[in-house]
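Let me begin by presenting the structure, written as C-alpha cells, before commenting on it.
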Amino acid sequence: MNPVLEAIHRRRSFSPRYLAAPGPDRHALEAIAGAAAAAPDHGDLGPTRVVEVPDTARPGLAEAFADAALELRPDADAAALAESRARAMGGPTLLAIVARIDPAHDRVPAGEQWISVGAAVQNMLLAAESLGFRGKLLSGARVRSRALRRFFSLGENEHLAAFLALGTPVGEPKLRQRRDAAGILSTLSAPARRPDGGWT
C-alpha cells in the first residue's frame with residue numbers, strides 16, 4: 001500500500017480528553033490550513049474558512065456554548081450548562097470550521113460547495129496526523145445556534161460547520177469497524193431507453 005493510502009486508512013479520531021499539549025504551533029497550523037486550501041473547489045469559491053480559538057477566547061466560547069445549550073433546552077439545569085461550558089475547553093488547539101455557501105451560484109450548487117468543505121476538513125485531519133498530531137471533528141446541534149453564530153460574527157451565507165480539536169495523542173484510539181470497498185463500490189448496469197423517454 002502506498003504512503004497516501006496508508007495515511008488515509010491509519011487516520012482515527014481522538015477524543016479531546018485523549019489530546020494533550022502541545023498542539024500545533026503557528027507553522028504547523030499554517031501547513032494544516034494550506035492542506036484545506038488544496039481541497040477540490042469548483043469555481044474557486046473558497047467555501048472553507050478556519051478560525052483558531054486561542055486560549056484567551058475559550059472562556060467566552062464556554063459562555064456561548066452555555067447559551068447554545070439553553071436555546072436547545074430552555075430547562076437545562078446547572079450541571080448541563082457546566083458540561084456545555086467544559087466542552088469549549090477540550091483539546092490543546094481548537095479550530096472552528098466555517099462554511100461560506102452561496103445558495104444562488106449559477107454554476108456550483110450548494111451541495112457541491114459543502115462537499116468542498118468536507119474535503120478540506122479531511123485534508124486538515126490528514127495533514128495534522130502527518131505532523132504528529134491527532135484530532136476529532138466536533139459538531140452537534142449547537143453549531144447551528146444563534147449564540148454561536150453571534151460569537152463568530154457569521155454572515156448571512158456563513159455556517160459554523162464544526163469544531164476541530166487537535167493535540168498530541170495520549171494512548172491509542174478506539175478502533176471501529178469500517179466499511180469495506182465491496183460495501184461502497186458498485187458498477188452501473190447500463191439502462192435502456194424506453195419509447196416514452198424514460199429508462200429501464
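No lab work stands behind these numbers, since they all come straight from the coordinates. Because the structure is a prediction, the values reported are computed rather than measured. Ideal geometry is used to build each Cβ from the backbone, glycine not excepted, and the neighbour counts take in all protein chains shown.
Starting from the Kirkwood Rh over alpha-carbon pairs, what translational D in µm² s⁻¹ does the range 127-171 have by Stokes-Einstein at 25 °C and 0.890 mPa s? In µm²/s, the coefficient is 201.
Each residue, THR56 and LEU131, gets one label point 7 Å from its Cα in the Cβ direction; the gap between the two is 2.1 nm.
Computed from Cα positions, the angle between helix 110-130 and the longest principal axis of the chain comes to roughly 60 degrees. Highest mean packing comes first when the peptides 105-117, 169-181 are listed by Cβ atoms within 10 Å, giving 105-117, 169-181. Distance distribution P(r), the chain, all Cα-Cα pairs, bin width 10 angstrom from 0: 8, 28, 32, 20, 8, 4, 1 percent. Taken along the Cα-to-beta-carbon direction at a fixed 7 Å, the label points for ARG73 and ARG176 span 2.2 nm.
Of all DSSP beta bridges confined to the range 13-173, the antiparallel ones make up roughly 95%. A crude spin-label estimate for the pair ARG100 and ASP196, with each label 7 Å from Cα along the Cβ direction, gives 4.8 nm.
Averaging 1/r across all pairs of distinct Cα atoms in the range 36-154 and inverting the result yields a Kirkwood radius of 15.8 Å.
Counting neighbouring Cβ atoms within 10 Å and putting the fewest first, the residues ASP55, ASP67 line up as ASP55, ASP67. Length available on full extension from GLU30 to ARG10: 0.36 nm per residue minus the Cα-Cα distance, which gives 4.9 nm.
A Cα-only calculation for the range 97-157 places Rg and Dmax at 14.0, 41 Å.
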